[in-house]
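Worksheet: one structure, shown below.
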Amino acid sequence: MTESTYRIQGATGEWEVVIGLEVHAQVTSQAKLFSGAATAFGAEPNTQVSLVDAAMPGMLPVPNRECIRQAVRTGMAIDAKINKWSRFDRKNYFYADLPQGYQISQLYHPLVGEGQIEITLDEKNPDSSTKTIGIERIHVEQDAGKLMHDQHPTRSYVDLNRSGVALMEIVSKPDMRSPAEAGAYLSKLRTILRYVGSCDGNMDQGSMRADVNVSVRKPGHEFGTRTETKNVNSVRFVMAVVEHEANRQVDVLEAGGKVVQETRLYDPDKNETRSMRSKEDAHDYRYFPDPDLLPLELDDAFLEECRQSLPELPDAKRRRYEEQLGLSAYNAATLTADADTARWFEALLAEGARIQKKSEGEVAKASANWLLSELYGALNRLGKNLEDSPVGPEEGAELLALVADGTISGTIAKQVFEIMLETGECAPRIVEEKGLKQTSDTGAIEAAVAKVLADNGDKVEQYRAGKEALFGFFVGQTMKAMQGKANPQVVNELVRKALA
């Protein structure tokens, strides 16, 4: 386990930052937590609101089994304790976008108890820079609506589409000690949620957002007073909040002031936090068990079904890529950091093994290298992501197979790939139509080698006098003469033979 060396240098010495995150993740489901209203993002305001969500008199909430199932599966994915008995509580507060005047949440008996997430702090050496971050709990609650202040010059409007949407509140322990650790934790949590399928992780759409708790202390001392910065919606902003807020608190303390426990907001344009309200304690919310909802009681069959439905998770997949496919730690970590990338790679791998009639282990390294360098490089250039790639896993596998069986060289493969990106045509057809097949015709290659050596007599003498670095020059000139279509292995052999 790696210990953080991140410190803030103040006038009175070094300060350590202590961070905990409360992440609100919108549960992937077709309906809300206690009603049948839809949850699709981007709908017209107030078109996805049932009588339950609008808190009409006499309406009773009914728990959505799928939302509970997704939260349990998430708990299992972080190796957390699943509580077979849990209960919903009412958290009372009055706000324009909360029609009931209370939020149904779980304070005293959450669905999921303690768990943990292992984060990696150095992508280049993922195995030697890990740290375990504790999870306090995951509770299920309903979201509030949304106030819209930009629709009218003097009035605010309320959109209740989000009201009643199921959220998992994933509460970490205060185990993080640097902006980098907070960023790595949020990224890893997002990866796990996307693998499990319990949340899409689209932070830009608000389906995952973090409340950032920050305090500072002298190293080894007791925890200081913390502030909570609400609704931060990107990994980069979470890291910025930690840095800004920790420095602000150090300045306050060193000036002889006291840090006030309060709720703050982050302004990304000014890169600063500002006070929103003093922090309420639990008793201010007047929590009590929701009288309209029976406790949740989960049986073993339901828990087993949840467990069986889990996919291979990122850490297990990364280990398998290293141990069974022989990939480097860096490549394995990069390929498994995103569920879509891992799925794309596995489709490429399966198709490559089928075409080449080899095992997946035999085609894995070439497949990983091509995806991470050639394909990613092209997509970055085109401003596209993997989902929009003009070349799919099947087409990629065909291209790699042509290199593997010697039909084309690696250099020609790059040209073919560019044509594939532009035209959408498959590699075998491009190679056939443009006459790009690699030749192993020793007669033609020998003639090209002889000409190169004849044209560069002085360099031949230097080579034979001991300047062996010139060997690459002769090979390069021969490949150029053959327009890149000669088999490099054959060229190497024939140049070596001619110079002997």
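In the set (1) surrounded by 19 or more Cβ atoms within 10 Å (Cβ to Cβ); (2) within 30 Å of Cys199 (Cβ to Cβ); (3) in contact (Cβ under 8 Å) with a residue 60 or more places away in the chain, the condition left unmet by Leu375 is number (3). A single entry from Glu118, Glu123 fulfils the requirement of being of a type outside the set (Gly, Ala, Ser), in a loop (DSSP other than H, G, I, E, B) and under 18 Å from the mean Cα position of the chain (by Cα): Glu123.
Among the residues of segment 54-72, those that are closer than 30 Å to Pro311 by Cβ and free of Cβ contacts under 8 Å to residues at least 60 places away in the same chain comprise Val62, Arg65, Glu66.
I'm trying to understand the selection: among the residues of segment 458-490, which are under 22 Å from Gly435 (Cβ atoms), open to solvent by 50 Å² or more (accessible area, probe 1.4 Å) and of a type in the set (S, T, N, Q)? Passing the criteria: Gln477, Gln483, Gln489. Within segment 234-259, residues that are under 29 Å from Thr191 (Cα atoms) and in contact (Cβ under 8 Å) with a residue 12 or more places away in the chain sit with their Cβ atoms under 8 Å from residues that are of a type in the set (Ser, Thr, Tyr) and assigned to a helix (DSSP H, G or I), at 6+ positions apart or across chains, in these pairs: Val235/Ser187.
Per the conditions (1) surrounded by 13 or more Cβ atoms within 10 Å (Cβ to Cβ); (2) modelled with pLDDT of 95 or more; (3) within 30 Å of Glu66 (Cα to Cα); (4) within 19 Å of the chain's Cα centre (by Cα), the sole criterion not satisfied by Pro289 is (4). Quick check on this structure: which one of Ala368, Ala347 is crowded, with 17+ Cβ neighbours inside 10 Å and touching a residue at least 24 places away in the same chain (Cβ under 8 Å)? The conditions single out Ala368.
Scanning segment 383-418 for residues that are closer than 17 Å to Ala364 by Cα and among the aliphatic types (A, V, I, L, M) gives Ala397, Leu399, Leu400, Ala401, Leu402, Val403, Ala404. Does segment 129-150 contain any residue that is without any contact (Cβ under 8 Å) to a residue 40 or more places away in the chain and of a type in the set (S, T, N, Q)? No, segment 129-150 contains no residue that is without any contact (Cβ under 8 Å) to a residue 40 or more places away in the chain and of a type in the set (S, T, N, Q). Against the criterion of being crowded, with 19+ Cβ neighbours inside 10 Å and assigned by TED's automatic domain parsing to the domain that holds Tyr108, Gln70 qualifies. Among the numbered conditions (1) under 24 Å from Gly101 (Cα atoms); (2) modelled with pLDDT under 95; (3) open to solvent by less than 60 Å² (accessible area, probe 1.4 Å), the only one that Pro295 does not meet is (2). The set of residues from segment 144-158 being closer than 29 Å to Arg90 by Cα, open to solvent by 60 Å² or more (accessible area, probe 1.4 Å) and touching a strand residue (DSSP E or B) at 6+ places or on another chain (Cβ under 6 Å) comprises Lys146, Ser156, Tyr157.
For Leu98, the conditions (1) within 18 Å of the chain's Cα centre (by Cα); (2) farther than 30 Å from Leu327 by Cα all hold with the exception of (1). Residues of segment 219-246 that are crowded, with 16+ Cβ neighbours inside 10 Å and within 19 Å of Gln9 (Cβ to Cβ): Gly224, Met239, Ala240, Val242, Glu243, His244, Glu245, Ala246. Pairs are defined by a Cβ separation below 7 Å, a sequence spacing of at least 6 or placement on different chains, a first member in segment 73-101 that is in a loop (DSSP other than H, G, I, E, B), and a second member that is open to solvent by 70 Å² or more (accessible area, probe 1.4 Å) and among the polar types (S, T, N, Q); the pairs so defined are Ile78/Gln116; Asp79/Gln116.
Looking only at residues in segment 75-133 that are among the β-branched types (Val, Ile, Thr), open to solvent by less than 10 Å² (accessible area, probe 1.4 Å) and in contact with an Asp or Glu (Cβ under 6 Å, 6 or more places away or on another chain), the one that is nearest to Gly58 (Cα to Cα) is Ile104.
Ala316 meets all of the listed conditions (1) surrounded by 13 or more Cβ atoms within 10 Å (Cβ to Cβ); (2) of a type in the set (A, V, I, L, M); (3) under 30 Å from Ser129 (Cβ atoms) but one, namely (1). Of all the criteria given as (1) open to solvent by 60 Å² or more (accessible area, probe 1.4 Å); (2) at pLDDT below 95, the one not satisfied by Asp340 is (1). Here is a list of conditions, (1) outside the structural domain of Asp300 (by TED's automatic domain parsing); (2) crowded, with 16+ Cβ neighbours inside 10 Å, and Glu3 meets all of them except one; can you say which number that is? Result: Glu3 passes all but (2). Close Cβ contacts (under 7 Å, 6 or more residues apart or on different chains) running from residues in segment 320-339 that are within 24 Å of Glu387 (Cβ to Cβ) and touching a residue at least 12 places away in the same chain (Cβ under 8 Å) to residues that are open to solvent by less than 30 Å² (accessible area, probe 1.4 Å) and part of a loop (DSSP other than H, G, I, E, B) comprise Tyr321/Leu327. Of all the residues in segment 27-41, those that are part of a strand (DSSP E or B) and either in contact (Cβ under 8 Å) with a residue 24 or more places away in the chain or not assigned by TED's automatic domain parsing to the domain that holds Val140 (or both) number 1.
Here Ala31, Ala40 are screened, and the one residue that is open to solvent by less than 30 Å² (accessible area, probe 1.4 Å) and farther than 23 Å from Arg226 by Cα is Ala31.
The values are calculated or read from the model by the stated rules, or taken from the named source; none is laboratory data. What you see is a predicted model; the values in this text were computed from it and never measured. So basically every Cβ, Gly included, is an ideal-geometry build from the backbone, and we count neighbours across all protein chains shown. Quick note on the areas: whole protein, heavy atoms, side chains included, nothing else; ligands and nucleic acids left out. Shrake-Rupley method; radii C 1.70, N 1.55, O 1.52, S 1.80 Å.
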